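Chemist: Quick one: the structure is below, questions incoming.
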Amino acid sequence: MNSLRIAILVYVFINNSYGFLTNCIENANKTCTVQLKPDEPAYKLFLRCLKDSEKQYIGLDFGETNLTKIEKENELIEKNVSKESKEKFFTKLRRGPYASNKNIIVVPYNSTSRRLAKKV
C-alpha cells in the first residue's frame with residue numbers, strides 16, 4: 001500500500017512541476033484534455049513543438065489571467081495548430097500518442113481548479 005501512495009505522490013509532483021493537468025492517462029478511448037498554464041514548463045514545451053508558421057498565432061505572457069486572451073488562444077490552437085505539432089507535443093509530454101479525442105487548452109495562470117474543462 002505504501003508503494004501506491006508513493007507512486008501517487010510522485011505522479012502529482014511531476015504533474016504540478018510541469019504545470020499541466022490532464023486526464024489523458026485514465027482511458028485512451030475517451031476524450032481527454034491537457035490543461036496548460038501560460039509560461040509553465042509544459043506550455044513552453046507546447047510552444048517549442050509548434051511549426052514556425054503556427055508560432056505567429058500562439059503565445060501568452062507569463063502569468064496571463066485575462067480570460068478574453070485565453071479564450072482567443074484556445075480558439076487559435078484549435079484552428080491553427082496542426083495534427084503533427086500536437087503529436088510532437090504529446091510524444092514529448094509522454095502522455096501516449098496523440099489522437100483526435102485528445103484536447104489541448106490553456107487555462108488562466110491563477111487557475112487552481114482540478115476539474116478538467118470540456119473541449120474548447
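Read the figures in this text as sums done on the coordinates, not as results from a lab. Predicted, not measured: the structure shown is a model, and the values here were computed from it. Here Cβ is always computed from backbone atoms with ideal geometry, including for glycine, and neighbour counts include all displayed protein chains.
Chemist: Whose amide H sits under 5 Å from the amide H of V34, counting only residues 5 or more places off or on another chain, with H placed in the peptide plane?
Modeler: Amide H neighbours of V34, under 5 Å, 5+ apart: N103, I104, I105.
Chemist: Take peptides 73-79, 85-91, 102-108 and line them up by average Cβ neighbours within 10 Å, highest first, as a rough protection proxy.
Modeler: Ranking, from highest mean packing down: 102-108, 85-91, 73-79.
Chemist: Given 0.36 nm per residue, what is the gain on full extension from Q56 to K83 after removing their alpha carbon distance, in nm?
Modeler: Going from the current span to full extension adds 8.0 nm.
Chemist: Here's a follow-up. How far, in nm, would the chain grow between E71 and K92 when pulled straight, counting 0.36 nm per residue and subtracting the alpha carbon separation? List each step's numbers first, then the result.
Modeler: Numbers: separation 21, 0.36 × 21 = 7.56 nm, distance 2.47 nm.
So the extension gain works out to 5.1 nm.
Chemist: Under 18 Å Cα-Cα from K37, which lysines qualify once same-chain neighbours fewer than 8 residues away are excluded?
Modeler: Filter leaves K55, K69, K72, K86, K92, K102, K118, K119.
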